[in-house]
Amino acid sequence: MHPWLPLPALLIAATTVATTAAHDSAGTAMLTPVPFTDVHIRDRFWSPRLETNRTVTIPYCFDKCDETGRLDNFAKAGGLMDGEFIGIRFNDSDVFKVIEAAAYSLSVKRDPELEKFLDDLISNIADAQEDDGYLFTTRTIDPDNPAGASGDTRWSYIIHSHELYNVGHMYEAAVAYYLATGKRAFLDVAIKNADLIDRVFGPGKRMDPPGHEEIEIGLVKLYHVTGDERYFKLAKFFIDQRGNAEGHELYGIYAQDHVPVIEQTEPIGHAVRAMYLYCGMADVAALTGDKDYLAALDRVWNNMVQRKLYLTGGVGARQSGEAFGEDYELPNASAYNETCAAIGNGLWNHRMNLLHSDAKYVDVLERVIYNGFLSGISMTGDRFFYPNPLSSGGTYHRSPWFSCSCCPVNVARFVPSIAGYVYAHDADAVYVNLYAAGTSEIKLPDNTVTITQTTDYPWDGAVRLAINPQQERTFDLKVRIPGWAVGKPVPSDLYEYADGGQGGLTILVNGETIARPNISKGYAVLSRQWERGDTVNINFDMPIRLVRCNNNVEENRGRLAIERGPLVYCLEAIDNGNHVRNIWLPADAKLVVEETPALLGGVTVIKGKAFALHQDEEDGPVQSSPIELTAIPYYAWDHREAGEMAVWIPADPRLAKVIPPPTAASISRVTASFCSSGDSPEAVNDQREPENSDDHSIPRMTWWDHLGTTEWIQYDFPEERWVSSAEVYWFDDTGHGACRVPAAWRLLFMEDGQWRPVPAASPCGVERDTFNRVDFDPIKTPALRLEVKLQEGYSGGILEWRIN
């Protein structure tokens, strides 16, 4: 079977020989992961999250798919109900991902009610499939006008239609459900569709690859279940066609379709697409041993960890195109860091570890699962981040759902798979990759080894492994030494610990210290004849670490981040005097650990002395006063009162932002005719001065996606006051967005319950990159309103609005 496909134990043995033979014939040494069904986590960190995913997130995602018409689309396509297609063309994939998540849940805990629901849903999916195997509900429901899938025929808009992306997720779900239940109905639908695609695409047929990678992963999984080589050959065909102009017009960098994959040198374009491409390449390389694939994967990975990886393990810096940026382009407030991209990064690094038997890939995987991925899901399991920025002005929050809801459903299927990343093995060794309390059965060719972990990781670095082989045997136990434990936050020079320290660790076998453990590729190699009752104790020192970023990352120059163990920490305003942007932290600050069982589900916080800038009077002196700083794990931010957040903290007071005294605008209540869900009306009076009209580092207020309309925003003062001027800084993202300075605007004041134009107003400017000031005769009023006419075909917004 596929070496990293989560499988029930009874199915693994039946396929081990075929897998090993394939790898041996290709000359590719590989690890085999221990499937999550054989890893039983019982700890205070992951166990609650696994249960929340099973009991909350998966049912919640099904409910949302039902509420939003995603489930009905299959019934409509199957002729079971009337109606138009609802939603976006790739909504089918959301349903498939939740089915995959539910299948994983059934693999570890049977649930007849859930299984019955899935059987009925799968029946509807089968009805929606056309006779020749085609399955794409928007085109089946309305062949002449499929939603967002322009083109007269099937596949004619393959660059953006997601026809192949959708079914790739279907293949993954169908395989998971078959392995969980033994039922073939969904697998047969997947095979029928894959056979159609194999007839249509390939050498001498259609030569264009999908715009969004994913089918490659699903096809390889189908191959491992069916043994039909057509499927993995088709996956390889799609990969090899990327960047190959023979048979299609290249899609360009956005879709990694600019040069052949074996010539690519950096992660580029749409981040999720890129991650899925590299996963597919690793899947094929595992079967073929293709050295060109392996070399390309190594080049791209090295570039990513050296120049494009966030400290949290997130990837994809740019909102525009949801894409990787240039080398060292790692902004904080505007960081996109899509949750799906973090998941893809985790999946890719898991595969790279299995290909290369090197712990550095697990270092990245661990950074993802504890930080960049985990922030994407609330602790209640029903609120989600799409982007995951590293700083916030307090206006960005998790959402219950999205029109494009790939992230929630991806979370649902990723969480149960985490247990499958804890252990791996080859014929002669057991690899301990992640640390979580629980028990696992590891099936070697001639032995079964039960390992019981006892640990309070990630809060504590003490780990005890009880080793119980069925038979006394000599084998290597390879215990991962995390990079953070030996002075390397990530396997590159992109980040470094400010103290340069190497940390410390001790390893004991049956109570005896291993003075100089053999370290190979990031693992401590413990070679001996293992017997029942043997124990290994590893103690990783967990000092608080201040992290510096490579100086090429402009936004992080002169700043520090806080880490402890695998966790990245952040500051939230609620813990730090209602602001964060005014705080600076000396490089020699003394920080301490404090356990807080009642906070955020039980977290270890970090406290210490820092300083905060403030200005008590307008034009008065700026003061720097000592404060007690509190940092919480990054994954836990935005679970309490709204407020600022930051991961990277100035180490120099000149980089901190002074908090000015309150103004008439800042104490006003703000309301608007409309505000985009990702923005906030309160951004206009937060006293944060923009650097330019396209400043994505501070909060903003926009009317997106209202185009060409007349909109308004207003201040209601606590009491009537005299005003005589106003200044507006317009938001305009020309070049990569659809917000522009307005066509026109005017200022109104409230008098006797009526809105009236301010008297004797000067011209109302619409200049970019500056405050546009309007003066008028003094008036006394309880409220002011901006009335804004948006440009035809465009939206608009405001970064700051001052009054005098």
Reported set for the stretch 685-711 where residues are small (Gly, Ala, Ser) and under 24 Å from the mean Cα position of the chain (by Cα) is Ser697
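Determine, yes or no, whether Thr395 is farther than 26 Å from Ala101 by Cβ, among the polar types (S, T, N, Q) and not in a strand (DSSP E or B).
Numbers: farther than 26 Å from Ala101 by Cβ: yes; among the polar types (S, T, N, Q): yes; not in a strand (DSSP E or B): yes.
Yes, satisfied.
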Does the stretch 195-204 include one or more residues that are part of a helix (DSSP H, G or I), open to solvent by 40 Å² or more (accessible area, probe 1.4 Å) and either in contact (Cβ under 8 Å) with a residue 60 or more places away in the chain or not aromatic (Phe, Trp, Tyr) (or both)?
yes
Checking the conditions here, which among Arg516, Arg528 is in a strand (DSSP E or B) and open to solvent by 40 Å² or more (accessible area, probe 1.4 Å)?
Arg528
Using beta carbons and a limit of 6 Å, which pairs, at least six apart or on different chains, have the first residue in the stretch 706-718 and more than 12 Å from Gly797 (Cα to Cα) and of a type outside the set (Ser, Thr, Tyr) and the second one in a strand (DSSP E or B) and open to solvent by less than 20 Å² (accessible area, probe 1.4 Å)?
Gln714/Ala783; Asp716/Ala783
Of (1) part of a loop (DSSP other than H, G, I, E, B); (2) more than 22 Å from Gly503 (Cα to Cα), Leu571 satisfies every one except (1)
Of all residues making up the stretch 478-513, the number that are over 29 Å from the mean Cα position of the chain (by Cα) and open to solvent by 60 Å² or more (accessible area, probe 1.4 Å):
6
Looking only at the stretch 291-328, and only at residues there that are without any contact (Cβ under 8 Å) to a residue 24 or more places away in the chain and part of a loop (DSSP other than H, G, I, E, B), the one that is most open to solvent (accessible area, probe 1.4 Å):
Glu326
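Look through the stretch 61-86, keep the residues that are assigned to a loop (DSSP other than H, G, I, E, B) and either on the phi > 0 side of the Ramachandran plot or among the aliphatic types (A, V, I, L, M) (or both), and return whichever of them is most open to solvent (accessible area, probe 1.4 Å).
Keep residues of the stretch 61-86 that are assigned to a loop (DSSP other than H, G, I, E, B), which gives 68-69, 78-86.
Subsequent filtering for residues that are either on the phi > 0 side of the Ramachandran plot or among the aliphatic types (A, V, I, L, M) (or both) retains 69, 79-81, 83, 86.
Numbers: Gly69: 4, Gly79: 65, Leu80: 96, Met81: 72, Gly83: 46, Ile86: 75 Å².
The residue in question is Leu80.
So in the stretch 434-450, with the set limited to residues that are within 31 Å of the chain's Cα centre (by Cα) and of a type outside the set (Ser, Thr, Tyr), which one is most open to solvent (accessible area, probe 1.4 Å)?
First, pick out the residues of the stretch 434-450 that are within 31 Å of the chain's Cα centre (by Cα): 434-442.
Add one more test, that the residue is of a type outside the set (Ser, Thr, Tyr), and what stays is 434, 436-438, 441-442.
Values: Leu434: 10, Ala436: 9, Ala437: 11, Gly438: 11, Glu441: 89, Ile442: 0 Å².
So, considering only residues that are within 31 Å of the chain's Cα centre (by Cα) and of a type outside the set (Ser, Thr, Tyr), the one most open to solvent (accessible area, probe 1.4 Å) is Glu441.
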Can you tell me how many residues in the stretch 589-608 are surrounded by fewer than 14 Cβ atoms within 10 Å (Cβ to Cβ) and basic (Lys, Arg)?
1
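Every residue, every condition in (1) modelled with pLDDT under 95; (2) among the aliphatic types (A, V, I, L, M); (3) not in a strand (DSSP E or B), yes or no:
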{"site": "Tyr435", "(1), (2), (3)": "no, no, yes"}
{"site": "Thr439", "(1), (2), (3)": "no, no, no"}
{"site": "Val449", "(1), (2), (3)": "no, yes, no"}
{"site": "Thr452", "(1), (2), (3)": "no, no, no"}
{"site": "Trp459", "(1), (2), (3)": "no, no, yes"}
{"site": "Ala466", "(1), (2), (3)": "no, yes, no"}
{"site": "Leu477", "(1), (2), (3)": "no, yes, no"}
{"site": "Val490", "(1), (2), (3)": "yes, yes, yes"}
Cβ-Cβ distance below 9 Å, separation of 6 or more or different chains: which pairs start in the stretch 500-511 with a residue that is assigned to a loop (DSSP other than H, G, I, E, B) and end on one that is aromatic (Phe, Trp, Tyr)?
Gly503/Trp484; Gly503/Tyr497; Gly503/Phe540; Gly504/Phe540
Which condition number in (1) out of contact with any Lys or Arg (no Cβ under 8 Å at 6 or more places or on another chain); (2) among the hydrophobic types (A, V, I, L, M, F, W, C); (3) in a loop (DSSP other than H, G, I, E, B) is the one that Ala589 fails?
(1)
The one condition Glu682 fails out of (1) modelled with pLDDT under 95; (2) assigned to a loop (DSSP other than H, G, I, E, B) is (2)
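For the stretch 709-757, enumerate the residues that are in a loop (DSSP other than H, G, I, E, B) and surrounded by 13 or more Cβ atoms within 10 Å (Cβ to Cβ). Steps first, please.
Restricting attention to the stretch 709-757, the residues satisfying the condition of being in a loop (DSSP other than H, G, I, E, B) are 709, 732-738, 740-743, 752-753.
Those that are in a loop (DSSP other than H, G, I, E, B) and surrounded by 13 or more Cβ atoms within 10 Å (Cβ to Cβ): Thr709, Asp732, Asp733, Thr734, Gly737, Ala738, Arg740, Val741, Pro742, Ala743.
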Complete set of residues in the stretch 414-433 that are open to solvent by 10 Å² or more (accessible area, probe 1.4 Å) and not in a helix (DSSP H, G or I):
His425, Asp426, Ala427, Asp428
From Gly793, Gly765, Gly735, residue being on the phi > 0 side of the Ramachandran plot, at pLDDT 95 or above and of a type outside the set (Val, Ile, Thr)
Gly793
Would you call Gly218 assigned to a helix (DSSP H, G or I) and open to solvent by less than 10 Å² (accessible area, probe 1.4 Å)?
yes
Could you please find all residues in the stretch 653-693 being exposed (fewer than 15 other Cβ atoms within 10 Å of the Cβ), touching a Pro at 6+ places or on another chain (Cβ under 9 Å) and under 24 Å from Asn556 (Cα atoms)?
none
Consider the stretch 366-386. How many of its residues are of a type in the set (A, V, I, L, M, F, W, C) and on the phi > 0 side of the Ramachandran plot?
0
Would you check if there is a residue in the stretch 156-170 being farther than 23 Å from Cys406 by Cα, modelled with pLDDT under 95 and open to solvent by 30 Å² or more (accessible area, probe 1.4 Å)?
yes
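The values are calculated or read from the model by the stated rules, or taken from the named source; none is laboratory data. Nothing here was measured: the structure is a model prediction, and the numbers come from that model. Positions of Cβ are generated from backbone atoms using ideal geometry, with glycine treated the same way; all protein chains shown enter the neighbour counts. What goes into the accessible areas is simple: the full protein's heavy atoms, side chains included, and nothing from ligands, DNA or RNA. Shrake-Rupley method; radii C 1.70, N 1.55, O 1.52, S 1.80 Å.
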